[in-house]
Amino acid sequence: NGLSVPNFKTTRLVYEVSLPSSTTAIPTISAVATDPNARIVLIQANTFPGQASVVVVAADGSTSLTYTVEFKKGLNNDATLKSIAYDGTAISPFDKEELSYMVSLPTGTTSVPYVTAEAQDAAATVDISQPLSLPGEAQIVVTAEDGTLRTYIVYFTVLSTPTDISERSADHEADLPRKVLRDGHLWILHGGKAYSVLGY
């Protein structure tokens, strides 16, 4: 493919070349003889991974050397995730390039969620440190086939009901809706009830 075979020496006849695991096209070899009067016969690989050969026939027509290039698939460096879920609920939207997520659990949640994750590459390994309490965090470490590491973090919080909801009297039930911000979450108060923008 126009690239020099690494560490080429005229006296070395066998080579191994690793190409990215994502390679789909069969590589093509070319060669130049030291003696311009020599003849070159190229035997291209017909698969990848696969083997190609270069036969060099000297000007005398009888002396020859065969160079062999073995094309191998390199180790995958993909350490990204395909998905993250907690208690069977997928985190959405999910972007494999986004490494941190915030999940707000419904008010009153006491059960610590169980986190699962799936790697993009089947050869990658996924190690998950589960959250130990609420609020808490899960840490997901993905190790690619070639050892590349990537860490995702999921932060879990529990929505807290604004304290003034329980203190509201019936006299205020006819009030117009109003917004209340508590613990970074927006609530709409109306008719003695609280409505979270997340739907709780």
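Observations on the structure shown:
- Extension gain from THR116 to ASN1, taking 0.36 nm per residue of separation minus the Cα-Cα distance: 37.2 nm
- Carbon + sulfur, % of accessible area of region 1-146 - ligands and nucleic acids excluded, 1.4 Å: 52 percent
- Per residue accessible area of region 32-134, 1.4 Å probe, in Å²: 60 Å²
- Two-site FRET efficiency, LEU149 against THR23, from Cβ-Cβ distance with R₀ of 30 Å, rounded to 0.05: 0.85
- Once the Cβ-Cβ distance of GLN139 and ALA33 is raised to the sixth power relative to R0 = 45 Å, the FRET efficiency obtained is 0.20.
- Remark on TYR114: its backbone amide H falls under 5 Å from those of ASP87, a criterion applied only to residues 5 or more positions apart or on other chains, H modelled at 1.01 Å from N.
- Placed amide H near SER83: partners under 5 Å, 5+ positions off or other chain: GLU118
- Gained length - GLU70 relative to PHE94, 0.36 nm times residue gap less alpha-carbon distance: 4.7 nm
- Accessible area (Å², 1.4 Å probe, nearest 10) - ILE29: 20 Å²
- Per-pair calculated FRET efficiency, R0 = 41 Å: VAL126 and TYR15 via Cβ, rounded to 0.05: 0.70
The values are calculated or read from the model by the stated rules, or taken from the named source; none is laboratory data. Remember, it's a predicted structure, so these values are computed and weren't measured experimentally. Backbone-built Cβ (ideal geometry, glycine too); neighbour counts: all protein chains shown. We work out accessible area using only protein heavy atoms, side chains counted, and drop any ligands, DNA or RNA first. Shrake-Rupley method; radii C 1.70, N 1.55, O 1.52, S 1.80 Å.
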